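These notes concern the structure reproduced below.
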Amino acid sequence: MRPDLTLLRELIEASPGFGRGRAGAVPEPLIREAETRVGPLPPSYRWWLAEYGHGRAGDADIATVGPAGSADGMYEAVTAAWRLDGDRLCFAVEPDCGDGYHFVLGRAGQAGDGPGEYPVVCRDGTDGCEYPVAESFAGFLTVLAARSRGLRDGPNPTVARLWRSTPGVLLDNGVHIYGPHLIQERNETFEVPRYAPGWVLVGDDSGGDGLLMRHHGRDRASVHRLGLGAVCEDVATEGEWVTDDLLGWLRAGGFPGTALRG
């Protein structure tokens, strides 16, 4: 999914340890100059640079862009020579020989999945092994925010897949799928663990109805619509089935009349 930068700002501001560092926002001309050295930077990372400049996400220090003429000599700069290793560009690293996070260059997302966004992999600081983390820089921040809140990668595989690209979705028609900065509070507010154990409120329609999915079991793909004042244990019976392809449904525009069966 295309990263929602408004929700990304909300995620950052709501996440302790995320945000602005000492370097401040980076002007657009300096970002373009850095791109002449390392190639096009993904849009959500460019947004971070323009908004925050230099900062931290969890334990990882995020690279910045240095002043003109000094970028190549700055350890913190994304243009530092050590950061580019073949088709891997290290944009964040944990201190004391910790893990590094890299863009996989040359594998930019398609138009519907965040044009120009690169997948993110983690390189283990001990043995150098790699494993995938996210589908975008925005997804990287979302995944780290979820883990810091004890949510692991998400409440079920479908939401985890969404969070690897964006910290939630807010459509023009009011459909709102929550990011990790909202999902716990919304579930507590509507007492979903008490009245609908085994289910999780993943979003709402901004009109009084919630969108719920199962935590466990064979069917963790179906989305059901139910009034937020009528949350009960038998969501599948009392609610309205919406889709079993959440990401496809969101790309199609959500309500009304866009229910999809995968």
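Computed from the coordinates by the stated procedures, all read-outs in this text should not be read as laboratory data. Because the structure is predicted, anything quoted here is derived from the model rather than measured. Cβ coordinates were reconstructed from backbone atoms using ideal geometry, including for glycine residues, and neighbour counts include every protein chain displayed.
Work out how much length Glu240 to Glu185 would gain on full extension: take 0.36 nm times their residue separation and subtract the Cα-Cα distance, in nm to one decimal. Don't skip to the answer; put the middle values down first.
Values: separation 55, 0.36 × 55 = 19.80 nm, distance 2.35 nm.
That works out to 17.4 nm of additional length.
Counting only C-alpha contacts under 8 Å and six or more residues apart, can you give the relative contact order of the chain as a whole percent? Don't skip to the end; give the middle numbers.
On the way: 531 pairs, mean separation 35.6, N = 262.
Normalised by residue count, the contact order of the chain is 14 percent.
Using the charge dipole of the chain (Lys, Arg: +1 at Cβ; Asp, Glu: -1 at Cβ; taken about the Cα centre), state which of Leu226, Val143, Gly53 has its Cα farthest towards the positive end.
The residue sitting farthest along the positive end of the dipole is Gly53.
Rounding to the nearest 20 debye, state how big the charge dipole of the stretch 170-251 is about its Cα centre with +1 on each Lys and Arg Cβ and -1 on each Asp and Glu Cβ. Could the numbers behind the result be given before it?
Working: 7 positive and 14 negative charges, 53 e Å.
Rounded to the nearest 20 debye, it is 260 debye.
Of Tyr118, Tyr101, Tyr195, which has the largest mean-square fluctuation in a 10 Å C-alpha GNM of the chain?
Maximum fluctuation in the GNM of the chain, among the listed residues, is at Tyr195.
Determine the dipole magnitude for the chain: charges of +1 sit on the beta-carbon of Lys and Arg, -1 on that of Asp and Glu, nothing else is charged, the reference point is the Cα centre, and the result goes in debye to the nearest 20.
Values: 25 positive and 37 negative charges, 44 e Å.
About 220 debye.
Name the residue, out of Gly100, Gly154, Gly227, whose mean-square fluctuation peaks in a Gaussian network model built on the chain with Cα pairs under 10 Å.
Fluctuation is largest for Gly227.
For Cα Rg over 2.2 N^0.38 Å, the listed values are [x] 0.96; [y] 1.07; [z] 1.03; which was obtained by calculation from the structure presented?
[y]
Mind checking the dipole of the stretch 5-148: about its Cα centre, +1 per Lys or Arg Cβ, -1 per Asp or Glu Cβ, Debye to the nearest 20?
On the way: 12 positive and 21 negative charges, 64 e Å.
Value, rounded to 20: 300 debye.
Taking only DSSP H segments of four or more residues, each worth -39500 (n - 2.57), what value at 222 nm results for the chain once the sum is divided by all its residues, to the nearest 500 deg cm²/dmol?
On the way: 9 runs with 69 residues, N = 262.
Dividing the helical sum by the residues of the chain leaves -7000 deg cm²/dmol.
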